[in-house]
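Novice: Starting off with a structure, shown below.
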Amino acid sequence: MLAILFRAYCLSVQFIVRFVGRSVSYLVPLLAFVVAFEVFSRYVLNRPTIWAYDLSLFIFAYIAALGGAFAQQKQAHINVDILYLKVSARTRRLFNLLTYALAIYFMLVLIDISVDKLLEALKYNYRRQSEWAPHMHHFWIMMISAGGLMAAQLLAQWLEDIYALISGRELFAERESNNDEY
Amino acid sequence: MMSIEMLTAVLLVCLLVAFAFGAPVGLGLGGIAMAVGYLTWGEGIFNIIPSTIDSTYFSFILLAIPLYIYMGQLLTRSGIGDAMFNASQLIIGRVRGSLAISVIGVCSMIGAMVGIIGAGIMTSGSIALKPMLERGYDRRLALGVIMAGGGLGILIPPSVPMIMFASATQNSVGRMFIAALVPAAISIVCLALYVIISCRLNPERAPLGTGDEMKMTPKQKVLTLRDGLFSVLLIFAVLGSIISGIATPTESGAIGVIGAIILAILFKRFKLSMFRHAGFETAILISVAMWIIFGATLFSNFHLLMGVQDMVASFTQDLGLPPLGVIIMMQLIMILLGFIIDEFIIVLMCAPLFTPIAVSLGYDPIWFGILMILNIEIAVQTPPYGFALFYLKGIAPPGVTMSDIYRSVLPFIGIKLAVLILCMLVPELVLWLPNKIMG
Amino acid sequence: AAEFNWRFANLYSRGTAFGEVYQGMADNIEKMSGGRIAVKMMYADEGVSTNGIFGAVKSGLITMGAPFQPMHAGEMPAGIVEVGLPGGTADVGELMDLFYEKGFGDILDEAYASYGIQNLEPYIQPPVYIITKKPINSIEDFKGLKIRAPGAYGKFLRNLGASPVNLTWGEIYTALSTGVIDGSIGSNLIDHRDGNHVEVAKYMYRLPLAGAQVLPVIVNQKAWDQLPEDLQAVVRAATAVHAQDQLTKSRAWEAQAVSDMQAKGMEWSPEPSAADREAWKTAGAGLWDEYSKEGPFSARLIDVLKQDAN
Ligand code: NA
Ligand code: NA
């Protein structure tokens with residue numbers, strides 16, 4: 001019964017994280033286009049924009065933060081695997097329980113602070129300091145989502161590990177390949 | 001309240017344990033900072049997050065990372081990047097190790113485009129790692145060449161750390177840039193010599209005649225040469241856009257992206273799936289790099305708030321060494337700092353602390369600044385903790401482990417250390433050119 | 001040990017002359033309080049980024065801060081009026097009058113209080129100047145120039161027909177040297193010297209963008225309320241000494257920076273004509289109504305400015 005619940009949780013998190021991760025990848029060409037447009041507008045039209053600077057930073061931040069959970073799902077985040085690869089699969093799961101817990105704690109702190117900043121941004125109508133002065137509230141909503149997705153993804157992997165450690169069986173009979181790009 | 005020496009020790013132990021347990025680097029560093037911070041400072045330390053977000057996610061300088069990675073990905077996935085190396089192999093393929101030398105050449109050009117280490121290594125890695133591995137080059141040689149070549153980004157002008165150094169110590173940026181040219185040239189020559197000698201001694205590290213170009217028809221060869229030529233021209237166009245004042249070094253990455261797309265369309269290599277894959281891969285690499293930068297900056301910001309800079313300052317004050325001994329000790333301190341902090345923070349902290357001391361001992365500040373840049377190049381790639389190492393792991397294919405990376409960089413660290421010592425002992429190598437040009 | 005342990009973040013790097021002035025204030029607080037308050041100095045970007053100082057003081061991460069308000073224009077719009085909108089006066093007497101007699105100071109105290117921040121004695125730093133690659137002989141020459149100028153300074157330059165460009169500090173030098181931009185503002189003349197801008201652009205326009213800059217010293221409200229009254233008085237007194245210190249020293253350093261830059265080839269633009277001065281003033285006044293709309297405190301400050309102008 002617990003296994004079914006765990007499985008359902010893991011699968012739905014995987015689905016959402018993958019969806020968000022793939023969606024933000026469409027922002028990458030947009031980012032390049034915005035920066036290129038600013039160069040064009042300044043050099044050719046002699047009319048620098050007031051929005052490209054902040055917009056490019058926002059897009060960059062959205063890709064970087066929201067893509068984090070998907071990178072975690074694909075095990076793309078960098079770790080120092082010197083000892084990690086030498087120990088048994090069981091020990092590795094134990095290590096994961098500790099390090100993922102630390103990472104989840106970090107994400108909870110990040111979410112907590114981002115909520116504070118969101119409320120502050122709404123209360124004081126915070127904006128960027130530039131002439132364009134775009135709002136900041138959406139950024140903190142994004143940060144909360146990024147932290148939430150990362151925490152949810154880490155928790156899913158944590159559950160897989162603890163299930164395997166306790167029951168001695170894999171939560172998913174066949175581990176999904178991590179190399180599926182599309 | 002814990003003393004700063006004690007806290008530094010605690011942080012280091014936590015860091016080493018988290019690394020040994022295989023924690024994701026950025027999440028681990030951020031987690032440690034927030035956990036140790038909570039225990040020593042209290043809940044208030046969490047407020048360090050917004051300011052850290054401001055200096056990482058809103059840093060325009062770092063925007064070079066996504067733009068250059070994307071350019072690299074587009075070049076690679078459209079096959080134009082490979083064509084560059086295939087073409088080079090058509091021409092000089094009979095020389096053992098020639099591909100690695102072409103890679104050093106391309107890395108130097110990328111180094112001349114970007115001003116920060118991350119962009120240099122991840123772009124060079126995107127473009128040049130695959131061609132070397134596919135041809136059966138020794139994995140460590142290939143990784144080491146990328147690391148050493150990509151690191152040139154801060155030694156070949158323009159360079160953000162050099163601008164930071166010049167400003168913090170009130171020295172001429174132009175003089176710094178010119179002073180870096182001879183050490184950069186020496187580094188490039190030494191790297192190439194190492195590759196040639198190492199491949200002579202161990203021919204299996206750089207096999208001959210394993211590339212696609214061996215099976216090509218004459219028509220394919222012409223096409224490859226054409227594509228290769230155009231991709232080199234693209235690199236020159238990007239460089240040209242910086243030199244001619246069209247774009248800043250950061251923005252030039254976007255010029256490169258547009259150029260790569262146009263080339264792909266012109267050569268009928270543009271496919272929607274290629275375009276999608278490049279964006280997808282770039283997004284993951286950006287996330288990986290930025291979560292490391294964010295977590296690591298959080299870690300160093302916490303350490304700075306607790307006063308690590310005062311520790312370094314008081315340590316350098318009572319050294320009681322002869323002048324050259326002081327300089328050497330400073331180099332050691334910077335390499336040790338590279339253990340826990342990134343290139344910008346090293347300059348930020350050490351330039352104003354160390355340079356006045358060096359000047360009071362009678363040394364030239366520009367010379368000292370170049371030593372600092374050479375040192376940083378080493379510091380960010382010395383195991384176990386180094387941004388350059390993490391960037392390289394990010395760009396490396398699956399199956400490359402951290403020990404591969406650690407081992408691959410060692411000979412190249414030796415070379416860079418030799419260049420550093422050479423420039424330390426023969427200051428004319430640094431000072432001759434700027435004195436000749438600028439008087 | 002001290003009863004109160006404070007952290008004080010300022011805008012300048014370790015080893016700079018301005019950094020020493022803030023260090024002086026920190027030392028003064030320690031000395032004048034007989035060691036009951038210990039102040040630890042955080043130089044620029046040492047733990048808190050310079051554009052995070054306001055938020056860090058608000059949240060209490062940093063007890064005391066010397067922020068540069070244009071960096072926080074998005075958080076506290078009134079701060080941009082406080083620092084001095086482009087075209088504002090350079091006369092220190094007039095500024096003092098504005099702050100202490102005409103109500104600027106009280107309105108700002110109230111504004112800071114609404115963020116949970118105690119506002120202390122403000123201080124004056126030298127004005128903002130524009131450096132360009134080409135000489136500016138009349139105000140007409142600004143037309144079409146691409147000048148790195150954020151926020152209000154950008155709006156002002158647009159009123160003069162220039163094109164403001166957003167650029168990060170680390171790229172100004174390279175951008176000036178390659179010609180991406182034709183000029184740049186610096187937070188003051190000392191900043192221009194430290195950024196080595198004269199190496200790549202040598203013409204300094206004679207009229208400052210904002211006459212003089214008024215910068216605040218702020219303290220987290222909770223930390224402030226914890227201080228007994230006598231210590232509050234000590235801190236206030238130290239900030240007053242600091243304000244005086246800034247005024248005398250920054251003038252000397254500004255003069256030094258100018259002579260340093262002149263030695264490297266910097267040239268002042270010719271004396272502007274009366275018409276140019278008028279156009280300069282008009283470009284600035286045009287911003288008042290715009291900034292009035294940024295919030296209630298901005299509106300009240302601008303009202304004072306308007307009354308003062310009449
Ligand atoms: Na460079
Ligand atoms: Na290191």
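Novice: Please go through (1) under 19 Å from the mean Cα position of the chain (by Cα); (2) modelled with pLDDT under 90; (3) more than 8 Å from every other protein chain (Cβ to nearest Cβ) for B:L223 and return the number of the only condition it doesn't satisfy.
Specialist: Answer for B:L223: the failing condition is (1).
Novice: Still on this structure, I have one more. What residue, of B:R200, B:R205, is in contact with a helix residue (DSSP H, G or I) (Cβ under 8 Å, 6 or more places away or on another chain), basic (K, R) and away from ligand 1 (no atom under 16 Å from the Cβ)?
Specialist: None of the other options fit; the residue is B:R205.
For every residue, the table says whether it meets (1) in contact with a helix residue (DSSP H, G or I) (Cβ under 9 Å, 6 or more places away or on another chain); (2) more than 16 Å from ligand 1 (Cβ to nearest atom); (3) farther than 18 Å from B:P183 by Cα.
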| residue | (1), (2), (3) |
| --- | --- |
| B:Q331 | yes, yes, no |
| B:L337 | yes, yes, yes |
| B:F344 | yes, no, yes |
| B:V347 | yes, no, yes |
| B:L361 | yes, yes, yes |
| B:N375 | yes, yes, no |
| B:I405 | yes, yes, yes |
| B:M424 | yes, yes, no |
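Novice: Considering region A:101-127 alone, what residues qualify as being in a loop (DSSP other than H, G, I, E, B) and surrounded by fewer than 22 Cβ atoms within 10 Å (Cβ to Cβ)?
Specialist: Hit for region A:101-127 is A:N125, nothing else.
Novice: With in a helix (DSSP H, G or I) and more than 7 Å from chain B (Cβ to nearest Cβ) as the only criterion, which of A:I63, A:I59 stands out?
Specialist: A:I59
Novice: Is it the case that some residue within region A:92-105 is more than 10 Å from chain B (Cβ to nearest Cβ) and either without any contact (Cβ under 8 Å) to a residue 12 or more places away in the chain or of a type in the set (S, T, Y) (or both)?
Specialist: no
Novice: Looking only at residues in region A:132-149 that are farther than 16 Å from A:A64 by Cα and open to solvent by 40 Å² or more (accessible area, probe 1.4 Å), which one is nearest to the chain's Cα centre (by Cα)?
Specialist: A:H137
Novice: Is it the case that B:P161 is within 16 Å of ligand 2 (Cβ to nearest atom), in contact (Cβ under 8 Å) with a residue 40 or more places away in the chain and touching a helix residue (DSSP H, G or I) at 6+ places or on another chain (Cβ under 6 Å)?
Specialist: yes
Novice: Restrict the check to region B:305-324 and report whether at least one residue is in a helix (DSSP H, G or I), open to solvent by less than 20 Å² (accessible area, probe 1.4 Å), of a type outside the set (A, V, I, L, M) and within 16 Å of ligand 2 (Cβ to nearest atom).
Specialist: The answer is no, given that none of the residues of region B:305-324 is in a helix (DSSP H, G or I), open to solvent by less than 20 Å² (accessible area, probe 1.4 Å), of a type outside the set (A, V, I, L, M) and within 16 Å of ligand 2 (Cβ to nearest atom).
Novice: Can B:L152 be described as within 13 Å of ligand 1 (Cβ to nearest atom) and open to solvent by less than 10 Å² (accessible area, probe 1.4 Å)?
Specialist: Criteria met by B:L152.
Novice: Moving to a separate point now. Give the residues of region B:88-112 that are away from ligand 1 (no atom under 16 Å from the Cβ) and either within 14 Å of chain C (Cβ to nearest Cβ) or open to solvent by 10 Å² or more (accessible area, probe 1.4 Å) (or both), sorted by residue number.
Specialist: B:S88, B:Q89, B:L90, B:I91, B:I92, B:G93, B:R94, B:V95, B:R96, B:I101, B:S102
Novice: Out of all the residues in region B:113-135, is one or more more than 16 Å from ligand 2 (Cβ to nearest atom), over 25 Å from C:H197 (Cα atoms) and within 14 Å of chain C (Cβ to nearest Cβ)?
Specialist: yes
Novice: Sticking with this one: Give the residue that is nearest to the chain's Cα centre (by Cα), with candidates limited to residues of region B:406-419 that are within 17 Å of B:M132 (Cβ to Cβ) and away from ligand 2 (no atom under 12 Å from the Cβ).
Specialist: Going through the qualifying residues, I end up with B:F412.
Novice: Mind checking which helices (runs of 4 or more DSSP H) fall wholly inside region C:56-163 and carry at least 2 residues that are within 17 Å of C:V304 (Cβ to Cβ) and touching a residue at least 12 places away in the same chain (Cβ under 8 Å)?
Specialist: C:78-83, C:92-100, C:104-113
Novice: B:V173 passes all but one of (1) of a type outside the set (K, R); (2) crowded, with 24+ Cβ neighbours inside 10 Å; (3) in contact (Cβ under 8 Å) with a residue 24 or more places away in the chain; which number fails?
Specialist: For B:V173, the failing item is (3).
Novice: May I pose another question? So, B:I186, is that one open to solvent by 60 Å² or more (accessible area, probe 1.4 Å), among the β-branched types (V, I, T) and more than 12 Å from ligand 1 (Cβ to nearest atom) or not?
Specialist: No; evaluated as a whole, the condition is false for this residue.
Novice: Which of the residues spanning region C:40-62 are under 19 Å from C:Q118 (Cβ atoms), open to solvent by 20 Å² or more (accessible area, probe 1.4 Å) and more than 7 Å from every other protein chain (Cβ to nearest Cβ)?
Specialist: Result: C:K58, single match.
Novice: What is the one condition in (1) under 16 Å from the mean Cα position of the chain (by Cα); (2) assigned to a helix (DSSP H, G or I) that A:L97 does not satisfy?
Specialist: Unmet condition: (1).
Novice: Take the residues in region B:24-55 that are in contact with a His (Cβ under 9 Å, 6 or more places away or on another chain) and modelled with pLDDT under 95; name whichever of them is farthest from the other protein chains (Cβ to nearest Cβ).
Specialist: Only one residue tops the list, namely B:G26.
Novice: Could you figure out which of (1) closer than 20 Å to C:W280 by Cα; (2) in contact with a His (Cβ under 8 Å, 6 or more places away or on another chain); (3) of a type in the set (S, T, N, Q) isn't true of C:N51?
Specialist: Answer for C:N51: the failing condition is (1).
Novice: Then there is this: If I go through region A:66-79 residue by residue, how many of them are open to solvent by 10 Å² or more (accessible area, probe 1.4 Å), over 16 Å from B:P66 (Cβ atoms) and either modelled with pLDDT under 95 or facing chain B (nearest Cβ under 7 Å) (or both)?
Specialist: Residues meeting the conditions: 4.
Novice: Out of everything in region C:141-153 that is at the interface with another protein chain (Cβ under 7 Å from one of its Cβ atoms) and within 18 Å of C:A201 (Cβ to Cβ), what residue ends up being most open to solvent (accessible area, probe 1.4 Å)?
Specialist: Across region C:141-153, the extreme among qualifying residues is C:P150.
Novice: If you go through region C:166-185, how many residues are outside any helix (DSSP H, G or I) and modelled with pLDDT of 90 or more?
Specialist: Looking only at that region, the number is 7.
For (1) open to solvent by less than 20 Å² (accessible area, probe 1.4 Å); (2) away from every other protein chain (no Cβ under 13 Å); (3) within 16 Å of ligand 2 (Cβ to nearest atom); (4) over 14 Å from the mean Cα position of the chain (by Cα), each residue gets a yes or a no:
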{"site": "B:M329", "(1), (2), (3), (4)": "no, yes, no, yes"}
{"site": "B:M334", "(1), (2), (3), (4)": "yes, yes, yes, yes"}
{"site": "B:M349", "(1), (2), (3), (4)": "yes, no, yes, yes"}
{"site": "B:W367", "(1), (2), (3), (4)": "yes, yes, no, yes"}
{"site": "B:I370", "(1), (2), (3), (4)": "yes, yes, no, yes"}
{"site": "B:A379", "(1), (2), (3), (4)": "yes, yes, yes, no"}
{"site": "B:P383", "(1), (2), (3), (4)": "no, no, yes, yes"}
{"site": "B:Y391", "(1), (2), (3), (4)": "yes, no, yes, no"}
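Novice: Could you please give the count of residues in region B:233-255 that are facing another protein chain (nearest Cβ under 9 Å) and either open to solvent by less than 20 Å² (accessible area, probe 1.4 Å) or in contact with a strand residue (DSSP E or B) (Cβ under 6 Å, 6 or more places away or on another chain) (or both)?
Specialist: Looking only at that region, the number is 11.
Novice: How about region C:154-174: which of its residues are in contact with a Phe, Trp or Tyr (Cβ under 7 Å, 6 or more places away or on another chain) and either within 19 Å of C:S49 (Cα to Cα) or within 8 Å of another protein chain (Cβ to nearest Cβ) (or both)?
Specialist: The answer is C:N166, C:T168.
The values are calculated or read from the model by the stated rules, or taken from the named source; none is laboratory data. None of the values given here were measured: they were computed from a predicted structure. We place every Cβ from the backbone using ideal geometry, glycine too, and count neighbours over all the protein chains shown. We work out accessible area using only protein heavy atoms, side chains counted, and drop any ligands, DNA or RNA first. Shrake-Rupley method; radii C 1.70, N 1.55, O 1.52, S 1.80 Å.
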